[in-house]
Each structure stands twice: as C-alpha cells, then as structure tokens.
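Worksheet: one structure, shown below.
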Amino acid sequence: VQLQAYGGGLVQAGGYLRLSCAASENILSINVMGWYRQDPGKQRDLVAAITSGGTTNYADSVKGRFTISRDNANNTVYLQMNSLKPEDTAVYYCSAVIFATRLNRYWGQGTQVTVSS
C-alpha cells in the first residue's frame, strides 16, 4: 500500500487545516487508517484512527477539535483540524494497517504542520 499525505502548512493559533491521505488501494480493504504525529527526538504518537467499519478513535489532546473521516470512493482519509494550538505543531504521518496472517503497517511521507502563537 502506498500512501500520499498532503495538506500541512503554517497557520495561526485558532486556525484550521485539513490533511489528506490518498491510498493506492481500496481503503475498504485496509483495516485501520490513521494519523500520527512526531516532534523531533520524540516518539510518533497516534492522533486519530478510523476502521474500515467507520469506528473512530482520538488522542485525548485532540478530542473535540480534530475529526477523521474517509471517502471510500476516492480511497482517501482526511483529518480536519480545528482550533489549532501551538502544541499541535509536528510532522504528521498517515498510516494504514492490514491484518492478514500478520499485522502489516504502512506509512506515508510526513507533512509538516506548524501552528504559530
């Protein structure tokens, strides 16, 4: 699975951005798609995830501000980020997980999100 992430940028605190992740395969065949973020020198943390059945999960720090959604027709997953805070600044990565005989995880390239105060 190849993932193409885009939509990052520079925004002021309180603003919004929408990240997109386009998959090379039918996303209905992907068990879980999600967004992670990483600061330099820190671990990559889950931001939001959505299953093929539509169940979502969010990090506590983004609940009520971020929304993950999917467009099955276009094999794309979105992350709508509202009320952005400086602490949301990070490189955001798209992820796909497929459960077969084992768990296979795929990563897209990162996209930088910078929130200025």
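In region 82-92, what residues are open to solvent by less than 20 Å² (accessible area, probe 1.4 Å) and in a loop (DSSP other than H, G, I, E, B)?
Result: 84, single match.
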Practice problem: List the number of the failed condition for residue 95; all other conditions in (1) touching a residue at least 60 places away in the same chain (Cβ under 8 Å); (2) under 13 Å from residue 3 (Cβ atoms); (3) not in a strand (DSSP E or B) hold. | Solution: (3)
Quiz prompt | Residues (open to solvent by 50 Å² or more (accessible area, probe 1.4 Å), in a loop (DSSP other than H, G, I, E, B) and either of a type outside the set (Ser, Thr, Tyr) or in contact with a strand residue (DSSP E or B) (Cβ under 7 Å, 6 or more places away or on another chain) (or both)) located in region 41-69 | solution = 41, 42, 43, 44, 53, 63, 64
Quiz prompt | Residues (in a strand (DSSP E or B) and open to solvent by less than 40 Å² (accessible area, probe 1.4 Å)) located in region 1-25 | solution = 3, 5, 9, 11, 17, 19, 20, 21, 22, 23
Practice problem: Answer with yes or no whether residue 104 is open to solvent by 20 Å² or more (accessible area, probe 1.4 Å), part of a strand (DSSP E or B), out of contact with any Asp or Glu (no Cβ under 8 Å at 6 or more places or on another chain) and closer than 20 Å to residue 25 by Cα. | Solution: yes
Practice problem: Evaluate region 70-81: report whether one residue or more is of a type outside the set (Val, Ile, Thr), under 15 Å from residue 45 (Cα atoms) and open to solvent by 60 Å² or more (accessible area, probe 1.4 Å). | Solution: no
Quiz item: Out of all the residues in region 26-40, is one or more open to solvent by less than 40 Å² (accessible area, probe 1.4 Å) and in a loop (DSSP other than H, G, I, E, B)?
Solution: yes
Quiz item: Is it fair to say residue 76 is farther than 13 Å from residue 115 by Cβ and touching a residue at least 24 places away in the same chain (Cβ under 8 Å)?
Solution: yes
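The values are calculated or read from the model by the stated rules, or taken from the named source; none is laboratory data. It should be emphasised that the depicted structure is a prediction, and the values quoted were computed from it without experimental measurement. Cβ: placed from backbone, ideal geometry, glycine included. Neighbour counts: every protein chain shown. What goes into the accessible areas is simple: the full protein's heavy atoms, side chains included, and nothing from ligands, DNA or RNA. Shrake-Rupley method; radii C 1.70, N 1.55, O 1.52, S 1.80 Å.
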